[in-house]
Structures are given as C-alpha cells and as structure tokens.
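J.: This is the structure, below, for whatever I ask next.
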Amino acid sequence: MRRAVIATAGTVVGLVALLGYKSSGAVNVQRVSVGADPSGPPATTVAPATSAPTTAAPGGKTVTTAGPTTAGPTTTGPATRTYDGQLVTYLYGNIEVAATLDGVVAMSDDTSQWITGEDARRDAHVLRANSQAILVGAGTVRTDDPALTARLDDIILEPLRVVLGAVSENARVRPCLERSGDLGLILDELGEHDVLQLLVEGGPTTASEFLEQGLVNHVVWYLAPAFAGGLGTKAALKSLSTPTMSTLRRGRVVDVRRIGEDIRVDVEV
C-alpha cells in the first residue's frame, strides 16, 4: 500500500520554484503525494514550514488562521466564517474556472475538453501544484474522469483529492476523500489534513456553493476567445442565486494577463 507524504505549502512552492516549471536532472522525483492518502497508513511530514496557528471551532475542530506562502500571483489571506457571532478562520480557498467569453464551461452534450488552450491548462497545473488539496463535485468526476494531479513536465504532484459525493471504484481520482454535507465541516477536516490552500475546480454547482457560502478568497478565471451561447449549455456559476443588485457579489481584480490565446483574470472576493 502506498505511503503518502504531507507537504506543506512551502515544500510545494519550493519544489515548483526549483523546477522552474520544468523538470530538472538534479531532482530525482517523478511523483510526489501532497496531503494524506485516505487509503494508506499515517503519512510522513516532509520539510515542514512554520506551523500555522489554529482556532477552535465547534465540535472540537480546529482550523488554520494563516494563508500559505505561495509563488506567483496567488494571493494570501484566510477565508472566514462566523459561528455564533465568533469569527473563525479557514484555510485559503481558491476557485479556478475555464470558460468561454460568455461564461460557459460545458456544451449541451456535457463536453468541456478543452475550452482553453494548452498554455492556460499548463498554468492551471501550477495552481494545482501550489495547493495541498483539490476539490470537485461528483458530477465533474462522472463527466470528465479527471486524475486531479499537477503535471509539470515529467514531474507529477498529487495533492489530496476531495470529491463532494460518491464516485465509482475505478475513477481516476482515487484515492480520494468522498464527502457530503456542510462545507464548513469539510473544510475543518481538510485543516486536520494539514491543508493550507484548497483549489476548487468545480463544476458549476460546487463553485456556486462555495461562493454562496463565502468560503472563497480568490478566483482565477481563464477566458477563451470563444462563444457557446445559453441554449442547453452550462454556465460557470449556474447555481449561484442573485435576486437583486444589492446582493451582487463584487470582487477586486488583482491581475489580468494573456496566456497563449486565452486571458487569465485574478479576482479577490
């Protein structure tokens, strides 16, 4: 049975920086597990950074109170939630979306590979490499069957994979955590797995739920120069409810860049 490795944010960022987003002959590594493997024995911690302080939450849970150290434009800063009037701080939450210019992430037949180009997809793998956990909904697993690894040339990083719902035994995402219910409690559990930075990759329902509940710090939105229309297609945030202008969720654009033929927009929320 495979033994997993828990790597802190500093460890992962250091490895990505060492690689320069490319493989190096000096690095004798081909596959690194980041986060506890739920199917294996207790994990070994490698090169830990300074421990993040924690805050007690109801039910004996603890959550991190500092965002991770990251490379590149990813912004640090904890997400928060209120329990009985007390502000509790969670791990740093990112959402990553790849959409057409009109906000579509899947066509009428549910196909979505690939909306963005190779350069943008490679950039998204760097986002994965800077995260200790990646979360998707079970619908995304059934439709796309993603492995949710971070592939940087011949280096493969394996963050902790989390699925909202149940997946088949032969899904490529396994081994993974299968969870349902209160998202705040799921974040509590991820904090106990030493997760400092979570990357939510969707799909539309999952991304909407995280934004609806205020559990997101940062959105990375890749825009492809393409149009899909609204007839039968899936919007990136199709389940997000905004009944009136006063409830419109606004963020702050912190970075805009061209990546190949696509555009990346970073928004703090």
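The values are calculated or read from the model by the stated rules, or taken from the named source; none is laboratory data. What you are looking at is a predicted structure, and each value in this text was computed from that prediction instead of being measured. A quick note on method: Cβ atoms are made from the backbone with ideal geometry, for glycine too, and the neighbour counts reach across all protein chains shown.
J.: So for region 207-215 (the condition being over 17 Å from Asn94 (Cβ atoms) and acidic (Asp, Glu)), does at least one residue qualify?
T.: No - not one qualifying residue is present in region 207-215.
J.: Can you spot a residue in region 206-225 that is touching a residue at least 60 places away in the same chain (Cβ under 8 Å), closer than 22 Å to Ile263 by Cα and surrounded by fewer than 16 Cβ atoms within 10 Å (Cβ to Cβ)?
T.: yes
J.: If you take the residues of region 160-216 that are small (Gly, Ala, Ser) and not in a loop (DSSP other than H, G, I, E, B), which of them is modelled with the lowest pLDDT?
T.: Checking each candidate, the answer is Gly202.
J.: So, one more: Name the single residue that is nearest to Gly214 (Cα to Cα) among those in region 149-159 being touching a strand residue (DSSP E or B) at 6+ places or on another chain (Cβ under 7 Å) and either outside any strand (DSSP E or B) or not hydrophobic (A, V, I, L, M, F, W, C) (or both).
T.: Taking region 149-159 and keeping what is touching a strand residue (DSSP E or B) at 6+ places or on another chain (Cβ under 7 Å), we get 149-150, 156-159.
Next, from what is left, pick out any that are either outside any strand (DSSP E or B) or not hydrophobic (A, V, I, L, M, F, W, C) (or both): 149, 158-159.
Working: Thr149: 26, Glu158: 27, Pro159: 23 Å.
Per the criteria, the residue is Pro159.
J.: Counting only residues that are of a type in the set (Val, Ile, Thr) and free of Cβ contacts under 8 Å to residues at least 60 places away in the same chain, which one in region 244-269 is nearest to Ala226 (Cα to Cα)? Spell out the reasoning first.
T.: Looking only at region 244-269, we keep the residues that are of a type in the set (Val, Ile, Thr), and these are 244, 247, 253-254, 256, 259, 263, 265, 267, 269.
Narrowing further to those that are free of Cβ contacts under 8 Å to residues at least 60 places away in the same chain: 244, 247, 253, 256, 263, 265, 267, 269.
Numbers: Thr244: 29, Thr247: 29, Val253: 22, Val256: 18, Ile263: 11, Val265: 16, Val267: 21, Val269: 26 Å.
The residue in question is Ile263.
J.: Given the criteria touching a Lys or Arg at 6+ places or on another chain (Cβ under 8 Å) and either among the aliphatic types (A, V, I, L, M) or closer than 15 Å to Val136 by Cα (or both), does Leu215 qualify?
T.: Spelling it out, Leu215 is indeed touching a Lys or Arg at 6+ places or on another chain (Cβ under 8 Å) and either among the aliphatic types (A, V, I, L, M) or closer than 15 Å to Val136 by Cα (or both).
J.: Now for a different question. Applying the selection to region 107-130, what residues are of a type in the set (Gly, Ala, Ser) and in a loop (DSSP other than H, G, I, E, B)?
T.: Ser108, Ser112, Gly117
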